[in-house]
1. Looking only at segment 112-166, which residues are more than 30 Å from Thr271 (Cβ to Cβ) and either within 15 Å of the chain's Cα centre (by Cα) or among the charged types (D, E, K, R) (or both)?
2. Identify, by number, the condition in (1) of a type outside the set (A, V, I, L, M); (2) surrounded by fewer than 19 Cβ atoms within 10 Å (Cβ to Cβ); (3) more than 23 Å from the chain's Cα centre (by Cα) that Tyr90 doesn't meet.
3. Please note which helices (runs of 4 or more DSSP H) are completely contained in segment 92-163 and include at least 2 residues that are in contact with a Phe, Trp or Tyr (Cβ under 7 Å, 6 or more places away or on another chain).
4. Looking only at segment 275-296, count every residue that is more than 17 Å from Ala251 (Cβ to Cβ) and either of a type in the set (Lys, Arg) or outside the structural domain of Thr311 (by TED's automatic domain parsing) (or both) and tell me the total.
5. Being part of a loop (DSSP other than H, G, I, E, B) and under 22 Å from the mean Cα position of the chain (by Cα) is the filter here, so list the residues in segment 1-28 that pass it.
6. For segment 159-187, which residues satisfy the criterion of being without any contact (Cβ under 8 Å) to a residue 24 or more places away in the chain and surrounded by 20 or more Cβ atoms within 10 Å (Cβ to Cβ)?
7. Let me spell it out: the conditions are (1) part of a helix (DSSP H, G or I); (2) closer than 26 Å to Pro160 by Cα, and Leu323 meets all of them except one. Which number is the exception?
8. State all residues of segment 256-314 that are among the basic types (Lys, Arg), at pLDDT below 90 and outside any helix (DSSP H, G or I); if no residue qualifies, say none.
Amino acid sequence: MTDTRRPKIALLVAPETSASVLYGLYDVLGTVGPMWPDMTAAEPGEALLDVQIVAASAAPLRCFGNILVEPHAAITDVDQADVVVVCDMYTPIDTPPRGKYAVETTWLRRMHAGGAVIATVCTGSLLLAESGLLDGRTCAGHWAYTELFAQAYPQIRFLPGAILDRSSEPEGVITAGGVTSWQDLALHLIARFCGPEQAARTAKVYLFGGHEDGQLPFAAMTRRVRTQDAVIRDCLGWIDDRCSVPNPVSAMAERSGLTPRTFARRFQAATGQRPIDYVHALRVERARQLLETGSDAVDDIGYAVGYEDPTFFRRLFRRTTGLTPAAYRRKYAPITAAMSSGPPS
């Protein structure tokens, strides 16, 4: 007798979840099967996936943005699923959610032990880290949480450039990167459980494109540094507007009044980076802004941010962002063009 059971996908939501991720996944996964024939022949088909929203309680809740969510079930009432997707659950970039989701993480471990694939989107990977299911594994998540993972979960190798990390899929774990990577996860799950043809049809219906460049082209190169070291704090403020100066590390060390070795040690203790790496990050961030908003030649931009050797600049830019300067400019050209054209008359 043929098994006609539809694969069951549970979407785990919390008050910190963004509606775009939750309802985006629910809409797309729930229309696999009906949508394509409806759009091409006006004859809706049968749903191929059984998708439900679950939460710690079955009571209605408000997710991020005060958007109403009415779960189909409480997680305590769900004992079986083919896939559990942990939607994004916002937490500050310097605060791990210790003990905040004890009920959810216990349930995730139980579902994983029962054979469910556990998948996450964006900050959902923090719940998986809290559950212990990521210990010893690699992990994708939003690039802004790179430092938090390094500090709070050193047993996990975080991949800030990854859109979809499937390296642990044979062991039942998939993690996706920043917020809109839910689209890549959805297409992968559709291909796995419904076949690649259904995934391709879904991409066509919803106009999904890939994130083949990864997350690095979107990641901010520099973050605000909070330090109690007044000397280093002064140097950070000074170099922020002068990153193109010649010999920037020597200039900062001289300003600090410290020996070069002491300065380098205190700088790394305060920022987590070597002084030269911090300067490179500042310079690449400035170059990105110039590429996004201006039309100067790439070599001229490299020189403007402090690099006399254009080859070195191009190589550094690509290593840092994952794209050549020219490719980066092309990526953002449609956005900047729309901004500069203004509203239609």
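The values are calculated or read from the model by the stated rules, or taken from the named source; none is laboratory data. In this text, all values refer to a predicted model and were calculated from it rather than measured experimentally. FYI the Cβ positions are ideal-geometry reconstructions off the backbone, even for glycines, and counts take in every protein chain you see.
1. Ala119, Leu164, Arg166
2. Here Tyr90 meets the rest and fails (3).
3. Numbers: elements: 102-113, 124-131, 146-152.
In segment 92-163, 124-131, 146-152 are the helices (runs of 4 or more DSSP H) which contain 2 or more residues that are in contact with a Phe, Trp or Tyr (Cβ under 7 Å, 6 or more places away or on another chain).
4. First, the residues of segment 275-296 that are more than 17 Å from Ala251 (Cβ to Cβ): 284-285, 287-296.
This time we only want the ones that are either of a type in the set (Lys, Arg) or outside the structural domain of Thr311 (by TED's automatic domain parsing) (or both), so: 288.
Going through segment 275-296 one residue at a time, the tally reaches 1.
5. Step one: list which residues in segment 1-28 are part of a loop (DSSP other than H, G, I, E, B), which gives 1-7, 13-17.
Selection gives Val13, Ala14, Pro15, Glu16, Thr17.
6. Leu159, Leu187 - these are the residues of segment 159-187 that are without any contact (Cβ under 8 Å) to a residue 24 or more places away in the chain and surrounded by 20 or more Cβ atoms within 10 Å (Cβ to Cβ).
7. All conditions pass for Leu323, except number (1).
8. Those that are among the basic types (Lys, Arg), at pLDDT below 90 and outside any helix (DSSP H, G or I): none in segment 256-314.
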